[in-house]
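So the structure is just underneath, and the comments pick up after that.
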Amino acid sequence: MKNQSRWVGKCCSHKRGFSMAVGLAASIVVLLAVTNLVFYSSHEINIVRTMLGIKKADFAAFSGLNVVNARLHENRWYQPKSIPNQLQKFKSSHTEKLAEYFTDEKTLDATIFIDEIPHPKAQKSGNDNTDGSIWVEVAPDKRQYRALLDHIRVLSLGTAGDEKSLYFGKFIMTPEPYLADDQSVGHYVESPLEGEDLIPIYPEAVWDNKGEEGKTAKDRKGVVSVAVSPGQKVKMGDIIMVLAFYMSDGGSTTRREPVVSPYSGTVKQVLVSPGQDTLIGQPVAYLEKDPGNLYSKKTLRKMVQITKIPLSVFQNLDLNNRENRFKVYAHVSRMMLESVINRVPMQSIREEVTDKFKGVNETSLTFKQTTDMLNSIGKPQWGVDDIEKMFAALKAKSDQNLEPDIDVSTDYDRIYAQAGKAVISSLWSGFTPDGRLASSTRKAFPGMAGYKLGVQPSNLSAEMISLIKLVSEQHGIDYMAQLTTEPQEQLKNNVDLYNIASTTNPKVGTGYWEYMRNKSNLGEKGDNVKDYIGKMGQLKNGAKKAVIKLDQGTPWEDAPFKQMVADGTANPDDYFWWPEKEGWYKKIPKENVVIKEYDIPYGYNNQSNPDDPFQMEVSQMMQYFRKHYTFGTTLPPNDDYWAENTITDTPQAPGPPDSTGAKYSGLSS
């Protein structure tokens with residue numbers, strides 16, 4: 001019994017020792033687990049804090065970009081207000097802290113950096129030591145050159161504690177505003193680079209008819225009548241006043257100059273009255289050009305190319321230095337290059353797939369035939385390995401102020417231009433303007449547009465047609481046939497090019513996109529973007545202007561001319577009879593007949609909202625789309641199209657000296 005009790009006690013003692021060992025081991029395991037948990041939780045918490053700081057910095061930077069976008073939609077608040085006839089300094093760069101936008105979160109801050117990029121025709125003054133500001137010189141006696149702002153580059157630096165984030169955005173505007181101004185809305189005159197908004201109207205310089213050299217006063221003309229008053233609407237070619245020539249001795253003449261409105265618009269000022277004289281070289285009136293049916297008073301404005309900049313790109317850069325900001329812009333330019341040219345392989349593959357399957361009966365197509373067709377499709381024309389070389393080549397061209405999608409001279413340029421055209425076409429096919437549109441309207445908007453030619457049908461005057469036919473007989477040239485325009489020619493085939501319907505899908509159906517693309521064979525890969533915009537936005541041979549100058553000698557009435565022939569002082573073979581003028585005019589050389597062809601712009605016209613229609617010149621819209629991808633600038637405007645003054649004279653008879661010499665012009669569209 002005693003031995004049994006001793007054995008039981010010994011067994012319990014062993015169990016207690018084992019339990020203590022297990023407990024100790026478990027405690028150590030728990031301690032290690034808790035220690036590791038605390039260590040890893042602290043590490044993860046630091047990671048979370050860092051990530052939260054980065055996100056807060058992202059928020060601050062992106063918020064700064066949004067603030068700039070909203071303010072630029074109102075105006076360029078950092079510029080002084082433009083004051084006419086005063087010398088002012090306008091900023092080409094601006095830096096500003098936006099601390100007041102983060103009053104509830106003291107750790108957040110944002111700084112914005114703005115750089116204005118002028119239109120390629122803008123003329124800067126100063127040197128490398130200046131701050132790049134633009135000075136506007138006052139020229140009260142001349143038409144002042146006013147440069148345009150192409151786009152605005154914005155960097156927004158957000159900070160949250162020790163974390164930083166940088167976002168880039170490019171603010172684009174079409175049409176472009178003046179560079180020396182505080183506005184972000186554009187100007188609507190077709191050729192705003194050539195002068196101010198108001199267009200001066202001048203009398204033509206005085207020239208002499210052959211045989212009458214020095215007989216006509218060169219410095220002034222007299223105002224016979226004025227047909228318009230300020231505020232009056234006029235059309236291109238409308239007569240606004242009639243001027244009379246003077247003899248050198250001050251005597252009067254029968255030679256007249258009907259001064260016409262060069263464009264359609266509104267007369268803003270009339271500077272002369274009947275009975276007064278006007279000096280040659282001085283304007284007689286000012287016209288505000290009517291944007292017509294190609295424009296609505298709207299500017300397309302948008303922040304594009306929004307990009308987060310990697311920390312490695314900017315962490316060692318002082319962004320207050322303009323040169324350092326342009327290093328960041330170079331990085332964005334490279335990213336945009338990659339984004340744009342990545343469109344080329346997929347587009348070429350899509351087009352090749354479409355071509356391969358054209359005319360194939362899909363119901364009888366076997367799996368093997370399908371596989372063989374897909375395998376036969378070629379690879380993209382360039383590879384990823386070429387990116388670095390391509391970027392270096394395009395950047396070198398950009399550094400020389402050349403546009404790689406315009407100044408096409410290498411295979412890299414051609415690939416970039418092809419990609420640019422793909423971007424423009426894609427944005428065009430789905431375009432909707434800024435503003436709130438119902439979802440159904442937004443979806444249908446692209447297909448509700450029409451395209452209107454910048455000139456509508458017009459004919460030459462009966463007097464001009466008569467003269468052209470007479471001169472055609474002299475030269476053996478059918479000038480009337482040369483004056484036939486493309487729209488007039490197509491009307492014979494019941495094709496209306498003055499107004500073309502839209503189409504939503506460029507691959508099917510008919511409409512503006514298909515007609516313009518196919519007629520100029522724009523599928524050619526060699527076309528640069530400038531040619532593409534020109535061909536898609538304008539109608540070649542859309543209008544023609546004829547100018548005929550009668551300056552070979554004095555015209556004569558019938559009776560005195562016949563007497564001159566009888567006397568042997570005139571050769572009838574040197575003259576032609578003009579029935580409408582009832583006079584004999586000296587025959588003119590071929591160089592006195594000038595017929596100029598004009599490419600006429602089309603206007604995009606969307607009437608989905610009749611109370612607020614959207615209208616814009618097609619080439620301007622395409623420039624707007626081009627700004628989405630390029631780091632270059634807008635292309636200069638094309639040749640202008642305007643009406644010219646006519647000069648008339650009277651067939652002469654023996655009597656007091658008179659001034660003669662005539663010029664007739666007319667527009668055909």
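Considering region 220-323, the qualifying strands (runs of 3 or more DSSP E), each wholly inside and each with 2 or more residues that are surrounded by 17 or more Cβ atoms within 10 Å (Cβ to Cβ) and touching a residue at least 40 places away in the same chain (Cβ under 8 Å), run over 220-226, 239-246, 252-260, 265-270, 285-289, 300-309. The lone criterion from (1) at pLDDT 85 or above; (2) open to solvent by less than 20 Å² (accessible area, probe 1.4 Å); (3) not hydrophobic (A, V, I, L, M, F, W, C) left unmet by Q488 is number (2). Taking interchain pairs and intrachain pairs at least six residues apart, which have beta carbon atoms under 6 angstrom, with the first residue in region 641-669 and closer than 14 Å to P555 by Cα and assigned to a loop (DSSP other than H, G, I, E, B) and the second open to solvent by 40 Å² or more (accessible area, probe 1.4 Å) and of a type in the set (V, I, T)? Sorted first by the residue in region 641-669, then by its partner, the pairs are T650/T254; D658/T254. Exactly one residue out of D434, D405, D399, D478 is modelled with pLDDT under 70, surrounded by fewer than 18 Cβ atoms within 10 Å (Cβ to Cβ) and among the charged types (D, E, K, R): that is D399. Restricting attention to region 453-468, the residues that are over 30 Å from M516 (Cα atoms) and out of contact with any helix residue (DSSP H, G or I) (no Cβ under 7 Å at 6 or more places or on another chain) add up to 7. A70 satisfies every condition listed in (1) assigned to a loop (DSSP other than H, G, I, E, B); (2) modelled with pLDDT of 90 or more; (3) surrounded by fewer than 12 Cβ atoms within 10 Å (Cβ to Cβ) except (1). Candidates are the residues of region 532-553 that are part of a strand (DSSP E or B) and either more than 24 Å from E257 (Cβ to Cβ) or without any contact (Cβ under 8 Å) to a residue 12 or more places away in the chain (or both); the one that is most open to solvent (accessible area, probe 1.4 Å) is K540.
Between T646, T650, the distinction of being buried (at least 19 other Cβ atoms within 10 Å of the Cβ), modelled with pLDDT of 85 or more and among the polar types (S, T, N, Q) belongs to T646 only. In region 577-626, counting only strands (runs of 3 or more DSSP E) that sit wholly within it, the ones holding 1 or more residues that are in contact with a helix residue (DSSP H, G or I) (Cβ under 8 Å, 6 or more places away or on another chain), hydroxyl-bearing (S, T, Y) and open to solvent by less than 30 Å² (accessible area, probe 1.4 Å) span 593-606.
The values are calculated or read from the model by the stated rules, or taken from the named source; none is laboratory data. Given the structure is predicted, the values throughout are model-derived calculations rather than measurements. Because the Cβ atoms are built from the backbone with ideal geometry, glycine has one as well, and the counts that use them run over all protein chains shown. Just the protein is used for accessible areas: all its heavy atoms, side chains included, with ligands, DNA and RNA removed. Shrake-Rupley method; radii C 1.70, N 1.55, O 1.52, S 1.80 Å.
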